[in-house]
Amino acid sequence: MSQGTIMTDISWLTARPVAHRGFHDMNKTRWENTLSAFTAAAERGYAIECDVHLSSDGVPVIIHDDDLQRLTGQDGFVWQRTAAELTALKVGGTSDHLPTLQEALDLIDGRVPMVVELKGIPGRDEGLVASVGKMLKRYKGKAAIMSFDHWLIRDFPKHAPGIPGGLTAYGKDVKLIEAHFAMLAHEIAFTSYAAGDLPNRFVSFVREKLKMPVITWTVHDQPAVDLTFRYADQMTFEGFEPDLVKVA
């Protein structure tokens, strides 16, 4: 086992399907990463994946994109606005606003697990890991953090100690796979991998050799469900309502 890789009991991470950006309806009436989507996921017993960026005043706000246009119709970037300005924006013309991470945590209140993906913007995310780590340390429910961004993952042990951290990843080519292996030198506890890129030697190694759980993203249909449970442990899904498989 790689020295920096930690083995933590996070069986709750794979106990139930993970609703990608909450249980939304593909942004028809219930939009992604909104309190409505999180409520719908919790009511159905699904774990919740959400994305966070840092506002200009250092508050983790839930939004996938780094710019505001697709979700709010506004110009500019998340990092250019304060949390108050961001949470005043409506999502997709609905009554839902861009929520802060704290709002989502208060809403879910430990009912289902939360998987928080940290979205880094080089030079604009100082304090992101620390802020999220502090919130989750106080949170009474099950929660984990993950990121594609290696510079953020390197900060997980220092700024979010005790919070299970994961690598979000994709790809099968040698360069990407080797970069993923390099992240095992840091204290990661799980991997979230693109379902379409299974199987591969990185996922096989962390599951079989390190006994590390692997969830997949983003599953939309039965072939991807089948692929997930052949080569991984649980799925992050959207666009359909799966059975609660592997519920603890």
Translational diffusion of the chain, µm² s⁻¹ [Kirkwood Rh, Cα pairs; Stokes-Einstein; 4 °C; 1.567 mPa s]: 72
Which of the trypsin sites (Lys or Arg not before Pro) found in region 81-168 are in a DSSP loop and have at most 13 neighbouring Cβ atoms, other than their own, within 10 Å? Lys140
Which entries of Lys90/Lys175; Lys28/Lys158; Lys137/Lys211; Lys175/Lys209; Lys119/Lys211 have Cα-Cα distances beyond 29 Å here? Lys90/Lys175; Lys28/Lys158
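For Ser11 and Gln74, what does the FRET efficiency come to when R0 = 45 Å and r is the distance between their Cβ atoms, rounded to the nearest 0.05?
With R0 = 45 Å, the Cβ-Cβ based efficiency is 0.65.
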Shape of region 1-114 from its Cα gyration tensor (a ≥ b ≥ c, root eigenvalues): rounded if a/c is under 1.5, otherwise prolate when a/b > b/c, or oblate? oblate
Over all directions, what mean area does the Cα convex hull of region 130-171 project, stated in square nanometres? 3.0
Using r as the Cβ-Cβ distance of Asp109 and Ala179, and R0 as 45 Å, what FRET efficiency do you calculate, to the nearest 0.05? 0.75
So what are the ³J(HN,Hα) numbers for region 134-148, from phi and the Karplus equation (6.51, -1.76, 1.60; θ = phi - 60°), rounded to whole Hz, Gly and Pro as x? 5, 5, 6, 5, 7, 6, 7, x, 7, 8, 9, 10, 7, 6, 6
In a GNM of the chain with a 10 Å cut-off on Cα contacts, which of Asp51, Asp233, Asp173 has the highest mean-square fluctuation? Asp173
No solvent, one uniform scatterer per C-alpha: report log10 I(q)/I(0) for region 24-76 via the Debye equation at q = 0.25 1/Å, two decimals. -1.05
Please get the size of the charge dipole for the chain, origin at its Cα centre, with Cβ charges of +1 on Lys and Arg and -1 on Asp and Glu, quoted in debye to the nearest 20. 660
Determine the principal axes of the Cα atoms in region 108-209, then give the extent along each, sorted from largest to smallest and rounded to whole angstroms. 39, 34, 22
Förster-model FRET efficiency, 22 Å R0, His220 and Asp65, C-beta, rounded to 0.05: 0.65
Tell me, what is the percent relative contact order of the chain, built from C-alpha pairs under 8 Å that lie six or more residues apart? 21
Test item: Cα-centred dipole of region 1-118, Lys/Arg +1 and Asp/Glu -1 on Cβ, debye: 360
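Every number here is computed from the coordinates shown, using simple stated rules; none is lab data. Quick caveat: nothing in here was measured; it's all calculated off a predicted structure. Cβ atoms come from the backbone with ideal geometry, glycine included; neighbour counts cover every protein chain shown.
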